[in-house]
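J.: Below: one structure in structure tokens.
Here, each number is a calculation from the coordinates, and none is a lab measurement. Please read all numbers here as calculations on a predicted model, not as lab measurements. Here the Cβ positions follow ideal geometry from the backbone for every residue, glycine too, while neighbour counts run over all protein chains shown.
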Amino acid sequence: MTSRNLLAALAALAAVALGACAERDAGLQDVRAALIEQLRQPQDQDRAIAAFYARRDHEPFWTRANDNGGDAAAGPAQALLEQLRSADARGLLRAPYKPESVAAQLGLRMDPTLRAQTEIALSRVYLRYAGDVTQGHTDPADVDGWLIPRRPFDPAQALILLDEHGVEDAIEALEPRTDDYRRLVAARRELVRRIQEGGWETVQYEGVIEPGEQHPVLPKIRQRLLAGGELARDESGDDPQRYDEATVAAVKDFQRRHGIADDGVLGPEVQAMLNVSAEQRLEQVDWNLERLRWLPDPPQSRHVAVNLAGFRLRAFDGDEVVLSMPVIVGKERHATPAFADEIEYLQINPYWNVPDSIIVNEIAPKIVDDPDYLRANDMEVVREPGPNAESIDPAGIDWAGYAGSGDDFPYLLRQRPGPKNALGRIKFMFPNRHAIYLHDTPAGHLFDEVQRTFSHGCIRVRDPVELADYLLDGQPDWDAERVREAVDGGERSRIALDDKVPVRLYYLTAWVDEDDERISFRRDIYGHDERLRARVDALRQRADAGTKPQV
């Protein structure tokens, strides 16, 4: 080809390219015009979307591959589809987002109006998914006993993250930032892998099997423990029906991780837990991932967290757990609510001011049966609070008239500070409308129980002096030794914290321990799992009945 012919060919190609660019530019302008028109008067849910496209000068985001001759289902749109299709990896339902419907929409031949509609529709789906990743499918206000404000979600910020970082990084940035959440997501992956390998079989036996005994079910129990990760390998050798030491150790581990007394005895309770399927456990994990999405991100300062279903308090310094102890929570009929507050002060050697409900329903009937009850329990009746309050002679009170009556008690019944006091020697106050607080207890033997639902709603802590030392850290006049001196000396002291310490009471029946990275499960002591299951099932049914993504 001569130089003249080559130049002519290049000029022709340039003309074609310029024409194509001009055509694409014209098409892009048409899409921009359609977006401007459709977002001219946005409804509330679309205000953030309108601002998003305004910042982009109404240039398409999801379908921008079209402008380079590509497939609309490529680039950001494909990344969003992949996120929607893998929603269950985060414990979310896939059904509400209808990824198949979204894929079908992207496969259509689009004019500018349809492209604009698709842009807005995909932005809505993204915001629905981003919101669910941030704060869950369901509203905790609809679940009994959960009063912690929901983790906030800002649609405008979610779209800024999308524009600056892309779909995958934006979604990851919106997930809960806690180690509890990350560990449980990882445990979910392992549980899914186990299900894909066949899960585990049920085991059947009668009565109890003691360590050292022979039983034909032992080989199946070992297989179940191998599947669950409690048993590393089968070491039964040529006596597989013997309940050997390695299997006993694995059973004890299983018991600890499922909230059963770790005595190594294979009884009905262990059998019931062994026979909960992997699929059921996966569902339980998903409910608890939902709860972790509800929770606002914890402060980066010191804070206290109490898992009611796990009967455990943890104290944090930022992300680090610096103190952990067992607790006792409310009985089922006195369920401790999930809520957040701030610990403001400690009371050493407190009075216990008995609530009216306990007086009329529990104490008044006991006084009727035993007139010496108040003296034996170091209780007194006074007109008002305070150390110098006027005493009332209990013999002049019609206790039988109050017993079970539901009436308000006209005086103050209180228990004096001392070894019999129901609050023990220290209480930790975060004044709230639920009248819930943390406190010591004289009934320390109850911490030996595994399921510790014994209180009227308040939370009893096993190691009050250690908790006091944690809370008073940095206050020069108080340390663990000084607290013990005050407790032992009968000193009544109210100690205000220089800095209030956030406290949250929450409810998880599945979590991964920070010390060994292994999952634990607990009973649904207050029925919250069942109520959440009903909410999620209703959401699934609505999603299955529809044909379009729920936005």
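J.: Past the 32 angstrom mark, what percentage of all C-alpha to C-alpha distances in the chain do you count?
T.: Cα-Cα pairs of the chain separated by over 32 Å account for 60 percent.
J.: Additional query: What residues qualify as long-range amide H neighbours of TRP511, i.e. H under 5 Å apart, gap of 5 or more or another chain, H built at 1.01 Å from N?
T.: The list, which skips near neighbours in sequence, is SER520.
J.: Give me the lysines in straight-line cross-link reach of LYS331: C-alpha distance below 27 Å, same-chain residues under 8 apart excluded.
T.: Leaving aside lysines fewer than 8 places away in the same chain, those within reach of LYS331 are LYS252, LYS366, LYS420, LYS427.
J.: Tell me the net charge near VAL322. Cut-off is 11 Å between Cβ atoms, VAL322 excluded, with +1 for each Lys or Arg and -1 for each Asp or Glu.
T.: -4
J.: Also, I was wondering about something else. Rounded to whole Å, give me the distance from the Cα center of the stretch 196-245 to that of the stretch 484-550.
T.: What the calculation gives is 33 Å, centre to centre.
J.: Another question, if that's okay. Mind giving me the FRET efficiency for ASP319 and ARG484? R0 is 22 Å, r the Cβ-Cβ distance, nearest 0.05 is fine.
T.: According to the calculation, E is roughly 0.15.
J.: HN-Hα J couplings of the stretch 489-505 from phi, Karplus 6.51/-1.76/1.60, θ = phi - 60°, integer Hz, Gly and Pro as x?
T.: Calculated HN-Hα couplings, in order: x, x, 5, 9, 10, 9, 10, 6, 6, 4, 10, 4, 10, x, 9, 10, 10 Hz.
J.: Turning to a different aspect of this structure: Give, rounded to the nearest 20 debye, the magnitude of the charge dipole that the stretch 352-416 has about its Cα centre when Lys and Arg contribute +1 at Cβ and Asp and Glu contribute -1 at Cβ.
T.: With Lys and Arg at +1 and Asp and Glu at -1, about 180 debye.
J.: Convert each backbone phi in the stretch 81-96 into a coupling constant with the Karplus relation 6.51 cos²θ - 1.76 cosθ + 1.60 (shift: θ = phi - 60°), then list the ³J(HN,Hα) values in order as whole Hz, x for Gly and Pro.
T.: 4, 4, 5, 5, 5, 10, 4, 5, 5, 9, x, 9, 6, 8, 4, x
J.: Right, next: Helix 112-135 sits at what angle to the longest principal axis of the chain, using alpha carbons and giving 0 to 90 degrees rounded to 10?
T.: So the inclination is approximately 20 degrees.
J.: Extending each Cα 7 Å along its Cβ direction at ASP179 and ARG233, get the distance between those two points in nm, one decimal.
T.: 3.1
J.: To continue, here is another question. Using the alpha-carbon atoms, what tilt in degrees (0 to 90, nearest 10) does helix 245-257 show relative to the longest principal axis of the chain?
T.: Tilt relative to the chain: about 80 degrees.
J.: What length, rounded to one decimal in nm, is gained on full extension from ALA261 through to ASP163, with 0.36 nm per residue of separation minus their alpha-carbon distance?
T.: Full extension from ALA261 to ASP163 adds 30.0 nm.
J.: Quickly work out the GLN223-to-THR113 label distance, labels modelled 7 Å from Cα along the C-beta direction, and quote it in nm with one decimal.
T.: Simple spin-label model gives 6.3 nm for this pair.
J.: So which trypsin sites (Lys or Arg not before Pro) in the stretch 345-444 end up in coil per DSSP with only 12 or fewer other C-beta atoms within 10 Å?
T.: ARG383, ARG433
J.: Can you spot the aspartates and glutamates whose alpha carbon is less than 19 Å from LYS500's alpha carbon? Ignore those fewer than 8 places along the same chain.
T.: Straight-distance partners of LYS500: ASP297, ASP317, ASP319, GLU320, ASP341, GLU342, GLU344, GLU466, ASP469, ASP473, ASP477, ASP479.
J.: Please go through the stretch 226-310 and write out the trypsin sites (Lys or Arg not before Pro) that DSSP classes as loop and that have at most 15 other C-beta atoms within 10 Å.
T.: ARG233
J.: Sticking with this structure for a sec: For the stretch 200-276, calculate the relative contact order in percent as a whole number, restricting contacts to Cα pairs under 8 Å that are 6 or more residues apart.
T.: About 38 percent, as a whole number.
J.: Let me ask something else. What are the ³J(HN,Hα) couplings of the stretch 224-233, residue after residue, when phi is run through the Karplus curve with 6.51, -1.76, 1.60 and θ = phi - 60°? Round to Hz, x for glycine and proline.
T.: So the J values, rounded to whole Hz, are 5, 6, 5, 5, x, x, 6, 10, 6, 7.
J.: Looking at the stretch 90-151, which trypsin sites (Lys or Arg not before Pro) are in a loop (DSSP not H, G, I, E or B) and have at most 13 other Cβ atoms within 10 Å?
T.: In loop regions of the stretch 90-151 (DSSP not H, G, I, E or B), the sparsely surrounded trypsin sites (Lys or Arg not before Pro) are ARG109.
J.: Give me the angle, in degrees from 0 to 90, between the Cα long axis of helix 278-294 and the longest principal axis of the Cα atoms of the chain, rounded to the nearest 10.
T.: Once rounded, one gets 90 degrees.
J.: Can you give the Rg and Dmax of the stretch 100-157 based on its C-alpha atoms, in angstrom?
T.: When restricted to the Cα atoms of the stretch 100-157, Rg and Dmax are 16.1, 51 Å.
J.: Another one. What shape does the stretch 269-327 have by the C-alpha gyration tensor, where a ≥ b ≥ c are the square roots of the eigenvalues, rounded means a/c under 1.5, and otherwise prolate means a/b greater than b/c and oblate the rest?
T.: It comes out oblate by the Cα gyration axes.
J.: Next up: Largest first and in whole Å, give the semi-axes of the stretch 16-174's equivalent ellipsoid, each being the square root of 5 times a Cα gyration tensor eigenvalue.
T.: 31, 17, 13
J.: Set the Förster radius R0 to 22 Å, insert the Cβ-Cβ distance between ARG47 and GLN541 as r into 1/(1 + (r/R0)^6), and round the FRET efficiency to 0.05.
T.: Given R0 = 22 Å and the Cβ-Cβ separation, E is 0.15.
J.: Could you tell me whether the stretch 200-276 comes out rounded, prolate or oblate from its Cα gyration tensor? Rule is a ≥ b ≥ c as square roots of the eigenvalues, rounded for a/c under 1.5, then prolate if a/b exceeds b/c, otherwise oblate.
T.: Rounded, because the longest to shortest axis ratio a/c is under 1.5.
J.: Another one. List the aspartates and glutamates whose Cα lies under 17 Å from the Cα of LYS98, skipping any in the same chain that are fewer than 8 positions away.
T.: Result set, ordered by chain and number: GLU82, ASP88, GLU119, ASP132, ASP537, ASP544.
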